[in-house]
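Input: a single structure, listed below in structure tokens.
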Amino acid sequence: IIAKIGDVIIGDAVWIGANVVVTPGVKIGENSIVGANSVVTKDVPEFAIVGGIPAKLIRYKNIQSEAR
């Protein structure tokens with residue numbers, strides 16, 4: 001068994017749902033959303049919406065609509 005080590009880095013303006021597990025060494029990019037009950041095992045890019053077990057990309061947020 002290979003043990004994962006490292007810091008969890010969470011960017012600005014990130015929404016993390018209830019009961020989310022984030023494994024060590026993962027970076028969650030700015031303005032992203034992690035759905036409830038997800039398990040994040042890999043880095044999440046900026047403006048991404050992820051969810052599931054393990055968390056997968058659902059889609060990217062529409063950056064133009066947030067500029068209003």
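The values are calculated or read from the model by the stated rules, or taken from the named source; none is laboratory data. Every value quoted in this text rests on a predicted model; they were computed, and no experiment measured them. For neighbour counting, all protein chains shown are included, and Cβ atoms are generated from backbone atoms with ideal geometry for every residue, glycine included. Protein only, heavy atoms only, side chains kept; ligands, DNA and RNA dropped before computing areas. Shrake-Rupley method; radii C 1.70, N 1.55, O 1.52, S 1.80 Å.
Quick one: would you say G29 is free of Cβ contacts under 8 Å to residues at least 24 places away in the same chain, in contact with an Asp or Glu (Cβ under 9 Å, 6 or more places away or on another chain) and either open to solvent by 40 Å² or more (accessible area, probe 1.4 Å) or at negative phi (or both)?
So G29 fits the description; yes.
Go through (1) under 11 Å from the mean Cα position of the chain (by Cα); (2) at negative phi and name the single condition I2 misses.
(1)
Considering only residues of segment 54-63 that are more than 21 Å from G6 (Cα to Cα) and either in a loop (DSSP other than H, G, I, E, B) or open to solvent by less than 50 Å² (accessible area, probe 1.4 Å) (or both), which is modelled with the lowest pLDDT?
Checking each candidate, the answer is N62.
If I ask for residues that are farther than 15 Å from I58 by Cα and part of a loop (DSSP other than H, G, I, E, B), which ones from segment 15-28 would you list?
A18, N19, V20, T23, P24, G25, V26
Would you pick out the residues in segment 32-46 that are farther than 16 Å from K61 by Cβ and open to solvent by 50 Å² or more (accessible area, probe 1.4 Å)?
A36, N37, T41, K42, D43
Looking at segment 23-44 only, could you name the residues that are of a type in the set (A, V, I, L, M) and under 8 Å from the mean Cα position of the chain (by Cα)?
Once the filter is applied, which keeps residues that are of a type in the set (A, V, I, L, M) and under 8 Å from the mean Cα position of the chain (by Cα), segment 23-44 yields I28, I33, V34, V40, V44.
Please work out if N31 is assigned to a loop (DSSP other than H, G, I, E, B), polar (S, T, N, Q) and touching a helix residue (DSSP H, G or I) at 6+ places or on another chain (Cβ under 9 Å).
Against the criterion (assigned to a loop (DSSP other than H, G, I, E, B), polar (S, T, N, Q) and touching a helix residue (DSSP H, G or I) at 6+ places or on another chain (Cβ under 9 Å)), N31 qualifies.
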